[in-house]
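What follows is a single structure, written as structure tokens, with notes after it.
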Amino acid sequence: MLRVLAVDDEAPALEELLYLLRSDPRIRSAEGATGATDALRLIGSALDAGPDDEQGVDVVFLDIHMAGLTGLDIARLLAGFARPPLIVFVTAHEGFAVQAFDLKAVDYVLKPVRRERLAEAVRRVAEMTGERGPALPEVHESAAAHIAVELGGVTRFVAVADIAYAEAQGDYARLHTDSGSHLVRVPLSTLEDRWRAHGFVRVHRSHLVALARIDELRLEAGSMTVRIGGAELPVSRRHARTLRDQLLRRGGR
């Protein structure tokens, strides 16, 4: 289970964040620091103790605007360590997201912090550390049937059933629905594992499609494509047989 350090120089915000973190069953311990000096001292002690020590820190939930060193400054300092803890930024300011992800942040959570949004950040950290501890039932259900996307600082939950296909864009994926598209910081391989039970299949290294949304399968000059609405997507040779088999099984139901 995860060992967490939360850093915020505003006591009420820190107490609320710690309360939410401690209520998540995937978290073993959650300690607080009211500024950069305390945070760096605690992290330094944790790194000296070693990764398996009870006082270790797996992830830091870090405010950005603080007196003295900012959260971004702390993250830059931690990047110089051999085995730094993971970073999740928790801030009221959406304008630093690009800098945060350049610093390899796992997530960027906007204040006021919602329990469901924080649970998604914890899930991402747990995936990266290999911790698969128990999740709250309502969070697990939401994560299975929906995916969180952020638009203009507002978190929305898009139903997986509304997604026609997903397209890889580096470490991100663009989700295509009938009403538009959304960019999420989740690799396509992760979505493939998570959505297999929802009828999604990989057709190409860059595309994951919903079988139920395929309108047409074409084979021309030895190349296979699928049409989903107005989009025509290539099917790689390594995925062609699996796609055909799944479409045949689906058609036989």
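The values are calculated or read from the model by the stated rules, or taken from the named source; none is laboratory data. Note that the coordinates shown come from a computational prediction; the quantities given were computed from them, not determined experimentally. Positions of Cβ are generated from backbone atoms using ideal geometry, with glycine treated the same way; all protein chains shown enter the neighbour counts. Each accessible area value is taken on the protein alone, full model and side chains, heavy atoms only, with ligands, DNA and RNA left out. Shrake-Rupley method; radii C 1.70, N 1.55, O 1.52, S 1.80 Å.
If the condition is being of a type in the set (Val, Ile, Thr) and in contact with a helix residue (DSSP H, G or I) (Cβ under 8 Å, 6 or more places away or on another chain), then region 166-185 contributes only THR177.
Looking at ARG123, ARG117, can you tell me which residue is open to solvent by less than 60 Å² (accessible area, probe 1.4 Å), in contact with a Ser or Thr (Cβ under 7 Å, 6 or more places away or on another chain) and either modelled with pLDDT under 90 or under 21 Å from ASP171 (Cβ atoms) (or both)?
On the way: ARG123 fails: in contact with a Ser or Thr (Cβ under 7 Å, 6 or more places away or on another chain).
The conditions single out ARG117.
Looking for whichever is aromatic (Phe, Trp, Tyr) and either modelled with pLDDT of 85 or more or open to solvent by less than 30 Å² (accessible area, probe 1.4 Å) (or both) here; the options are PHE157, PHE200. Which one fits? Talk me through it step by step, then tell me what you get.
Values: PHE157 fails: either modelled with pLDDT of 85 or more or open to solvent by less than 30 Å² (accessible area, probe 1.4 Å) (or both).
The match here is PHE200.
Out of all the residues in region 16-29, which are under 21 Å from LEU72 (Cα atoms) and free of Cβ contacts under 8 Å to residues at least 40 places away in the same chain?
Initial filter on region 16-29 (under 21 Å from LEU72 (Cα atoms)): 17-18.
Selection gives LEU18 alone.
Only a single item in (1) modelled with pLDDT of 85 or more; (2) over 19 Å from ILE74 (Cα atoms); (3) in a helix (DSSP H, G or I) is not met by GLU138, and it is number (1). Total residues in region 203-243 satisfying the condition of being open to solvent by 80 Å² or more (accessible area, probe 1.4 Å) and either in contact (Cβ under 8 Å) with a residue 24 or more places away in the chain or not in a helix (DSSP H, G or I) (or both): the figure is 8. If you go through region 1-18 and keep only what is surrounded by fewer than 17 Cβ atoms within 10 Å (Cβ to Cβ) and within 15 Å of LEU118 (Cα to Cα), you end up with GLU15, GLU16.
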